[in-house]
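Heads up: the structure comes next, in structure tokens.
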Amino acid sequence: LRRAISRAPDHPGARRELGVALGSRGEYAEAVAQFRYALQRKPDDVESHLALGAVLEKAGELDEAETALRVGLESAPRDPRLHYRLGLIYLDMHDHARARTFLETALEECGDDRKLRATIQSALDTVR
């Protein structure tokens, strides 16, 4: 991935993929930097917002994760994955009322994706 980035250093997708790889190795600070770089180049990239929120959550930076996901909602307000991730963040924060709101919205927006629907429903069942 680093070679791909050296050939196309401004490509947001390559930066996002490098961030995913770094995050999976626990290198959260470097992963966050890659996601933020990608989002500077392509601010409406939902995948980068989701990945940034997930890495920040893993790093225990719940407030920052919430902010990253809310910014993502500005460009994709109906994306069920963003609502789902925010619901999980609020569960981690023990804010069950907000978690329920975001998880219910995720369920409404997920369409016919059975796997996503089951995942969201499972999380929602924990707050009912």
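Quick one: I120 ticks every box in (1) under 15 Å from the mean Cα position of the chain (by Cα); (2) open to solvent by 10 Å² or more (accessible area, probe 1.4 Å); (3) touching a residue at least 12 places away in the same chain (Cβ under 8 Å) bar one, so which box is it?
The single condition I120 does not satisfy is (2).
If you check A21, A33, which single one turns out to be at pLDDT below 95 and hydrophobic (A, V, I, L, M, F, W, C)?
Checking each option against the conditions leaves just A21.
Checking D44 against (1) surrounded by fewer than 16 Cβ atoms within 10 Å (Cβ to Cβ); (2) more than 18 Å from S75 (Cβ to Cβ), which test does it fail?
(2)
Residues in region 63-97 that are buried (at least 20 other Cβ atoms within 10 Å of the Cβ) and small (G, A, S): how many?
Within region 63-97, residues that are buried (at least 20 other Cβ atoms within 10 Å of the Cβ) and small (G, A, S) number 4.
Could you identify the single residue in R128, R100 that is open to solvent by 60 Å² or more (accessible area, probe 1.4 Å), touching a residue at least 12 places away in the same chain (Cβ under 8 Å) and in a helix (DSSP H, G or I)? Steps first, please.
Numbers: R128 fails: in a helix (DSSP H, G or I).
The unique qualifying residue is R100.
I'm checking my understanding of the structure. Among residues of region 1-39 that are open to solvent by 80 Å² or more (accessible area, probe 1.4 Å) and within 16 Å of the chain's Cα centre (by Cα), which one is nearest to S75 (Cα to Cα)?
Filtering first and then ranking leaves R36.
For H49, state whether it is open to solvent by 50 Å² or more (accessible area, probe 1.4 Å) and closer than 21 Å to S75 by Cα.
no
Which residues, counting only those in region 75-97, are closer than 23 Å to E17 by Cα, not acidic (D, E) and not in a helix (DSSP H, G or I)?
The one that is closer than 23 Å to E17 by Cα, not acidic (D, E) and not in a helix (DSSP H, G or I): A76.
The values are calculated or read from the model by the stated rules, or taken from the named source; none is laboratory data. Keep in mind it's a predicted model, so treat the numbers as computed, not measured. Glycine also receives a Cβ, built like all others from the backbone with ideal geometry; neighbour counts cover every protein chain displayed. Remember, those area values only see protein heavy atoms, side chains included, never the ligands or the DNA or RNA. Shrake-Rupley method; radii C 1.70, N 1.55, O 1.52, S 1.80 Å.
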